[in-house]
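Working notes, beginning with the structure itself.
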Amino acid sequence: MKLEERQETLTEKLNKLKNSLRPGQKSLAEWEGGEMAVSAVPGAGKSHSLAIAATIAIAKHQLHTRKQLVVVTYTRSAAAAIKKKIRDRLRDLGLSGGSFAVYTLHGLALHIATRYPNLSQLNLEISTLINPNSNHKIIRTCVEKWIAKNPVRYQKLLQGKQFDGEDTERLRRQSVLRTEVLPSLADTAIKEAKSSDLSPEDLWQLSKQTPDEYEILAIAAGLYEQYQRLIRERNFYDYDDMILAALKVLKDPIVRQIWQKQVFAVFEDEAQDSSPLQEELLRTLAADPKDEKKFNLVRVGDPNQAINSTFTPADPIYFNRFCDNCQKKGNLSTMNMAGRSSKIIIDSANFTIEWVNRETRKKEPDFSELELPFRDQDIIPVPPEDPQPNANPEATGTGIEIHLPEDIDRTVDLIEARIIQLFAENRDRNCAILVRENKQARFLAEQLAHLKKKHEITIYEVGAIERYSHIPAEMLKIMQFLDRPHSPDYLKATLEILQNRGLISTQDLNALATCCEEFLYPGPLSPPQKPHVKQASRFCCQLLRARIELPQYQLITFLGMALKYGGTELATVEKLAERVFKQIIGNISLKNIIAVLEEIVSSEKFEGVAEEENEDRYTRNQQVTIITMHKAKGLDWDYVFIPFLHEDILPGKPWVPNAAKFLGDFTLAEVARGQIRAKVHSNYQNETKNIPQPDEAWAIAAKLKTAEEFRLLYVAMTRAKRLLWLSASQLGPFRWNTFRSDTGNNLQSKQPTPVLLALKNGKRGNKGANSLKSEVRG
């Protein structure tokens with residue numbers, strides 16, 4: 001009798017949990033098995049709903065340690081949060097916490113691969129994880145090996161569209177190819193191909209379908225080949241190797257059956273960020289061991305918040321396709337109610353979706369619904385009886401304010417005045433400024449720093465903490481220059497650091513690096529140096545003089561001051577210097593300093609000195625958090641400011657650096673991305689399409705970028721709860737990465753992103769009767 005009473009109590013508790021959810025959320029909790037897609041708008045509470053649905057599934061199906069629910073999400077912090085939510089709910093129900101497991105995708109793959117090292121051929125005892133980018137040593141080594149092995153193709157690149165054979169230009173082009181073009185191509189093509197399960201041989205075959213003057217995919221295949229050989233020789237593995245190793249393990253029928261019997265179902269959060277290869281891993285685990293065409297797979301995501309597709313192989317087309325397939329089977333649920341934002345902010349976000357899709361259809365009439373930037377999915381405010389505290393809060397002022405100030409300084413003035421006013425009215429709220437580029441964040445942080453002293457408003461620049469992790473790499477590059485000042489690579493790397501920190505003027509660094517001695521020590525017969533070149537030469541010579549005049553144990557600290565590090569950055573430099581000299585005490589030399597720095601940089605195990613951090617560090621009251629739009633995803637604030645919304649940045653277009661224009665009006669990396677992505681899309685949709693030629697692939701890359709930039713703006717807008725402040729100044733920097741706030745002399749006329757003007761004018765499309773214009777304060 002007691003057992004029956006307990007069972008009744010559990011049933012009542014489960015019903016209470018289910019009934020606490022909104023209609024869209026409730027369908028997730030009512031899942032009984034099979035495939036299901038859940039498309040959720042921003043602020044819909046998808047992680048909360050997923051945790052409750054997981055709890056109900058565990059209780060209803062009496063899961064245990066030998067038959068578990070597997071929950072997969074994108075980041076470690078998200079995994080920890082959802083794990084806590086499920087565990088707390090199960091504890092309230094008196095159920096065991098061993099009935100489920102939560103992983104990141106790569107954590108799950110590594111867990112599978114390391115349990116069967118003979119099958120996965122991945123042994124962590126002798127292997128090192130790397131996360132290479134275009135500046136990583138292994139990518140640079142691949143480039144050098146490829147050049148040595150492919151002199152004919154390399155010479156074709158040097159020739160470019162035209163070449164007069166002049167030696168200085170040849171040296172400049174060599175520098176551009178070796179340090180910019182080919183590393184970027186290698187990084188992009190390897191990630192796109194490997195994460196799509198394409199081998200170097202597959203790229204070779206694809207290259208035969210796309211004969212172009214440079215044979216771009218053939219070059220990419222050769223670089224990929226070198227990369228694979230190097231990581232095998234050095235016992236490295238990357239994140240894609242984890243997924244591939246897990247799939248290799250699960251190809252064994254006995255092992256696959258073991259895993260499928262242990263896994264009751266797979267619930268995936270942030271499914272819009274998965275690649276086809278990652279989806280294949282989840283499908284394999286979720287398959288019924290008796291019938292592998294049936295799956296217990298629930299995928300939750302928002303294709304309108306897919307903001308990683310231009311630097312990872314993730315693409316919203318994959319999750320959109322999954323949603324459409326589930327819709328045909330009646331297994332698509334839409335979570336479209338959200339209580340985060342006030343109604344005017346919701347209306348603005350919905351307007352953005354409609355306007356962008358409508359304009360895209362005008363320009364690209366042949367686009368399918370899957371190819372549009374946004375899924376047609378409006379956000380709806382929650383009903384008045386919704387249990388969420390303070391749902392759809394009352395707007396502050398008009399709720400949305402749009403400004404077109406004269407220049408960026410006036411933009412700062414407007415932001416400062418509004419922030420002071422908002423916190424004077426209510427000190428128990430929080431605020432964020434969302435930017436597209438880190439240089440914009442640094443500029444704003446510098447301009448608003450005085451608010452702490454004058455008004456007790458804290459300015460927290462998120463990117464500043466991340467910059468500290470780059471200090472060892474910067475120190476290493478400059479030390480290598482001090483050791484070998486006549487190396488073009490080391491000189492250029494040092495000049496890039498000086499330019500990025502605003503210590504020298506923006507200029508063609510390849511031209512300086514190709515003639516090291518003439519740049520550093522111009523003779524009487526050398527042509528006169530221009531003022532910006534002379535400034536850069538003088539700075540480099542000061543660094544070289546310090547190497548001679550200072551004790552070597554003081555070099556790292558001196559470089560920190562020379563680079564004008566401040567505050568916490570200097571503390572990080574001191575910590576780094578202490579770490580280095582502890583390791584080489586009694587044997588101090590420049591070579592040994594470089595060796596220790598190389599070890600630190602390659603192991604990626606040095607942490608800078610940071611301020612105290614905890615979970616709410618981004619959203620504290622009486623604080624202005626300055627953060628990039630990408631990093632803001634998953635967070636929200638009472639007041640959100642989004643300045644610098646210029647057309648050349650958002651949506652912008654793929655850009656060809658002046659130094660690489662001798663190759664043509666495209667970049668090799670983006671052409672390769674477009675060609676590989678076209679092949680993967682056609683495979684995923686079971687279609688046969690021709691691989692695009694370079695011009696067409698470049699156009700595909702431009703469309704991908706435009707769509708993602710508008711989705712990024714949508715994500716930024718939907719972070720606001722009470723006030724959304726948008727602006728685009730009439731004058732702004734030509735490029736933010738070359739802007740120096742102390743001179744401010746490279747401002748030029750700027751056009752606002754078109755959607756900003758549409759929002760300001762309230763130009764609603766066919767959905768008609770929304771009086772957005774009357775509510776917008778300009």
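The values are calculated or read from the model by the stated rules, or taken from the named source; none is laboratory data. None of the values given here were measured: they were computed from a predicted structure. Neighbour counts run over all protein chains shown; Cβ positions are idealised from the backbone, glycine included. The area values use the complete protein model at the heavy-atom level, side chains included, leaving out ligands, DNA and RNA. Shrake-Rupley method; radii C 1.70, N 1.55, O 1.52, S 1.80 Å.
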Residues of region 112-165 being part of a loop (DSSP other than H, G, I, E, B), open to solvent by 80 Å² or more (accessible area, probe 1.4 Å) and at negative phi, in sequence order, are 125, 126, 131, 135, 161, 162, 164
Go through region 404-431 and give me each residue that's touching a strand residue (DSSP E or B) at 6+ places or on another chain (Cβ under 7 Å), in a helix (DSSP H, G or I) and open to solvent by less than 10 Å² (accessible area, probe 1.4 Å). 408, 411, 415, 419, 422
Restricting to region 681-703, what's the tally of residues that are assigned to a helix (DSSP H, G or I) and touching an Asp or Glu at 6+ places or on another chain (Cβ under 8 Å)? 6
Just one of (1) in contact with a Ser or Thr (Cβ under 9 Å, 6 or more places away or on another chain); (2) in contact (Cβ under 8 Å) with a residue 24 or more places away in the chain trips up residue 442, so point out which. (2)
Among the residues of region 152-175, which ones are under 32 Å from the mean Cα position of the chain (by Cα), over 21 Å from residue 512 (Cβ atoms) and not aromatic (Phe, Trp, Tyr)? 157
Of everything in region 296-332, what is modelled with pLDDT of 90 or more and hydroxyl-bearing (Ser, Thr, Tyr)? Give them in sequence order. 318
Among the candidates 536, 562, 577, 546, residue that is under 24 Å from residue 505 (Cβ atoms) and buried (at least 18 other Cβ atoms within 10 Å of the Cβ): 536
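Count, please, the residues in region 111-134 that happen to be touching a Ser or Thr at 6+ places or on another chain (Cβ under 9 Å) and either polar (S, T, N, Q) or touching a residue at least 40 places away in the same chain (Cβ under 8 Å) (or both).
Of the residues in that region, 9 qualify.
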Restricting region 47-70 to residues that are surrounded by 23 or more Cβ atoms within 10 Å (Cβ to Cβ) and out of contact with any helix residue (DSSP H, G or I) (no Cβ under 6 Å at 6 or more places or on another chain), which is farthest from residue 13 (Cα to Cα)? 50
Looking only at region 298-336, count every residue that is charged (D, E, K, R) and open to solvent by 20 Å² or more (accessible area, probe 1.4 Å) and tell me the total. 4
Mind listing whichever residues of region 699-735 are open to solvent by 10 Å² or more (accessible area, probe 1.4 Å), touching a Ser or Thr at 6+ places or on another chain (Cβ under 8 Å) and of a type in the set (A, V, I, L, M, F, W, C)? 704, 707, 710, 731
Being touching a His at 6+ places or on another chain (Cβ under 7 Å) and open to solvent by 60 Å² or more (accessible area, probe 1.4 Å) is the filter here; which residues of region 226-260 pass it? 239
Checking residue 453 against (1) touching a helix residue (DSSP H, G or I) at 6+ places or on another chain (Cβ under 7 Å); (2) under 18 Å from residue 567 (Cβ atoms); (3) not acidic (Asp, Glu): exactly one of these is not met. Which one? (1)
Of all residues being acidic (Asp, Glu) and part of a loop (DSSP other than H, G, I, E, B) in region 346-388, which is surrounded by the most Cβ atoms within 10 Å (Cβ to Cβ)? Just the residue, please. 378
Identify all residues within region 641-664 that are touching a helix residue (DSSP H, G or I) at 6+ places or on another chain (Cβ under 7 Å), outside any helix (DSSP H, G or I) and among the aliphatic types (A, V, I, L, M); write none if there are none. 642, 645, 650
Considering region 88-98, residues that are under 36 Å from the mean Cα position of the chain (by Cα) and surrounded by fewer than 16 Cβ atoms within 10 Å (Cβ to Cβ), and then whichever is modelled with the lowest pLDDT, we arrive at 97
Contact list, first residue from region 364-392 and farther than 23 Å from residue 354 by Cα and touching a residue at least 24 places away in the same chain (Cβ under 8 Å), second anywhere and surrounded by 10 or more Cβ atoms within 10 Å (Cβ to Cβ) and of a type in the set (S, T, N, Q), beta-carbon distance below 9 Å, six or more apart or interchain, is 386/392; 387/20
